[in-house]
Structure formats: C-alpha cells, structure tokens
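To start, the structure itself, in structure tokens.
The values are calculated or read from the model by the stated rules, or taken from the named source; none is laboratory data. As the structure is a prediction and not an experimental result, all values here were calculated from the model. In this analysis, Cβ positions are derived from the backbone assuming ideal geometry, glycine residues included, and neighbour counts consider all displayed protein chains. Each accessible area value is taken on the protein alone, full model and side chains, heavy atoms only, with ligands, DNA and RNA left out. Shrake-Rupley method; radii C 1.70, N 1.55, O 1.52, S 1.80 Å.
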Amino acid sequence: MSSLPSGAANSLFNKVPEVTVVFWIIKIMSTTVGETGADYLAVHVGLGTALTGAIMAALLIATLVVQVRARQYTPWVYWLAVVLVSVVGTQITDALTDRLDVSLYTSTIVFALLLAATFAVWHWSERTLSIHTIVTRRRELFYWAAILFTFALGTAAGDLATEALGLGFTVGVLAFGAAIALIAALYALGVNAVLTFWLAYILTRPLGASLGDLLSQSRPNGGVGLGTIGTSLIFLAVIASLVAYLSIGPSRTPREA
C-alpha cells in the first residue's frame, strides 16, 4: 500500500463510493428526493419551516457523525447522508428565497463563492480535490462541506433557471442533462477527471431538482402530477434497492487508500 498522508491513521480506507453508473443514478435520484422531500415537509407536515429545518439539520448532523466515525465506506450511511444533505441544502436555499427575500441571483453567486472558497482551502490544505483519496477525517470534512454547498448552489441555480429565467421544468431537465452529457464527453476526451467530476456533481443537483418539480407538480403548472409524496416514495424505493445491492455487492469490500 502506498504511503498515506498525515492523519491517515484515523481512516485506512477511502470513505466514498466508486464513481460508477449506479453512483450517478443514486446521486440524481437523491437530489430529486431532496427537492420533493423538502417541498413536502414545507407544505404538509405542519411543524413550521424553522422547526422542520432544525429537525432535518439534526438528523443530518447525527448521520454525518456516524459517517465520519466509521473507518470505511458503508453504503446505507453514506447515501442517507447524501439524501439528508440534499433536503437540508434545499431548505437553506428555500429559506433564503421565501422567508428572507434573498434574490436567486444573489444566493447563486454567494453559494458559488462559498463552494469555490471550500475547494481553495481544501486544495491548499491537502494538495488534492480527488474523491479517491478521502482517507483522513480532515479530508472527509472538506468533502462534506463541499457536498453541502454543491446542493445549495444547485438548488439556487436550478430555481434561477426554471423559475426566474422562465425555462420551465421540461426545458430545465433537458438543458442540465445536456450540460452533464457535454461534461461526460469532455472527460472521455481526456479533460481533467477531478474537474469534470465536480462540475457534473454540481449540475446533477439542478437536474434532479428540475426532474423532481417536473414529476411532482400538477399538470396545469407544467408537471406530470405525481405529487411530492408519490415522487419521493418512488425514488426512495429505487434508491433503497440500489443501496441494498451495493451493500451486498463488490462495492462493500473495503478499498485501501
């Protein structure tokens, strides 16, 4: 095994999954659940946005504690954290827009700057942004901070495109899907793998949000009409099935750094 960076004794195995087709399917579905789940919690639960947001934030923190304390990648813990980050990231952006009247242009720019700052500090500290080397607790904390800002940025950018700019849900799905396809083509042509990964990761959030709105919104509002509950349950069932497959499949084997 190659030499590990300072602090790697805290975690001997990479703490994130391999980037495969299944990874991207679960990621997009997680972002969709984040959009529809946050909408359902905001409208139907009746606890108020502040209390609901606090509960989801507490669940996210608890899950991240379990994730960070684990010594190797555990599929159900990792993907539960991703789903909760998606919900909380959506709630943060929605709170800024709906309760504080922060412009989507402003929130998009602010979250882009916060994400860029996170990447800058991460790279300055660790000399890499690769997800294949998440082998220390410090790198994992950088990773999850970046994930949170990608979800918040993706939510703001997606709402900006589909609502403020008037693209609509269907055009939003097609536009963001085409952008991800372009990034995949650039990766295939040899463009830097770390750069293309993070660009695609950011864009899956507005893609998932647009897809969630397209499926859940009523037909008069330009959607399919499945509702937030129906869309969330369908996608959660698929996510649970894929995570169960990963838990018993070859991805369950610990991967040394």
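Here are a few things to note about the model shown:
- Identity of the residue in the range 175-228, open to solvent by less than 30 Å² (accessible area, probe 1.4 Å) and among the polar types (S, T, N, Q), that ends up nearest to the chain's Cα centre (by Cα): Thr204
- Test result for Thr63, among the hydroxyl-bearing types (Ser, Thr, Tyr), modelled with pLDDT of 90 or more and surrounded by 17 or more Cβ atoms within 10 Å (Cβ to Cβ): yes
- Answer residue from the range 229-244, given it is touching a Leu at 6+ places or on another chain (Cβ under 9 Å) and crowded, with 17+ Cβ neighbours inside 10 Å and is farthest from Gly34 (Cα to Cα) among those: Val243
- Residues of the range 110-144 classified as farther than 26 Å from Val77 by Cβ and of a type in the set (Phe, Trp, Tyr), total: 1
- Test result for Ser247, under 26 Å from Lys15 (Cα atoms) and open to solvent by 50 Å² or more (accessible area, probe 1.4 Å): no
- Tally of residues being open to solvent by 20 Å² or more (accessible area, probe 1.4 Å) and part of a loop (DSSP other than H, G, I, E, B) across the range 66-80: 4
- In the range 95-117, residue modelled with the lowest pLDDT [restricted to those that are surrounded by 20 or more Cβ atoms within 10 Å (Cβ to Cβ) and not hydrophobic (A, V, I, L, M, F, W, C)]: Thr97
- Boolean, Ser130 is more than 24 Å from Ala240 (Cβ to Cβ), within 17 Å of the chain's Cα centre (by Cα), of a type in the set (Ser, Thr, Tyr) and surrounded by fewer than 17 Cβ atoms within 10 Å (Cβ to Cβ): yes
- Test set (1) out of contact with any Phe, Trp or Tyr (no Cβ under 8 Å at 6 or more places or on another chain); (2) open to solvent by 10 Å² or more (accessible area, probe 1.4 Å); (3) more than 30 Å from Gly222 (Cα to Cα) - Glu163 fails condition number: (3)
Okay, residues lined up against (1) of a type outside the set (Ser, Thr, Tyr); (2) open to solvent by 20 Å² or more (accessible area, probe 1.4 Å):
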residue: Ile134; (1), (2): yes, no
residue: Arg137; (1), (2): yes, yes
residue: Leu141; (1), (2): yes, yes
residue: Thr170; (1), (2): no, yes
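- Counted residues, the range 1-27 - those being more than 21 Å from Thr74 (Cβ to Cβ) and either in contact with a helix residue (DSSP H, G or I) (Cβ under 8 Å, 6 or more places away or on another chain) or at pLDDT 85 or above (or both): 1
Okay, residues lined up against (1) without any contact (Cβ under 8 Å) to a residue 60 or more places away in the chain; (2) not in a helix (DSSP H, G or I):
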{"position": "Phe142", "(1), (2)": "yes, no"}
{"position": "Ala152", "(1), (2)": "no, no"}
{"position": "Leu167", "(1), (2)": "yes, yes"}
{"position": "Ala179", "(1), (2)": "yes, no"}
{"position": "Thr204", "(1), (2)": "no, no"}
{"position": "Leu207", "(1), (2)": "no, no"}
{"position": "Leu214", "(1), (2)": "yes, no"}
{"position": "Ile234", "(1), (2)": "yes, no"}
{"position": "Ile239", "(1), (2)": "no, no"}
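- The range 28-60 - residue that is at pLDDT 80 or above and under 14 Å from Gly212 (Cα atoms) and, of those, surrounded by the fewest Cβ atoms within 10 Å (Cβ to Cβ): Ile28
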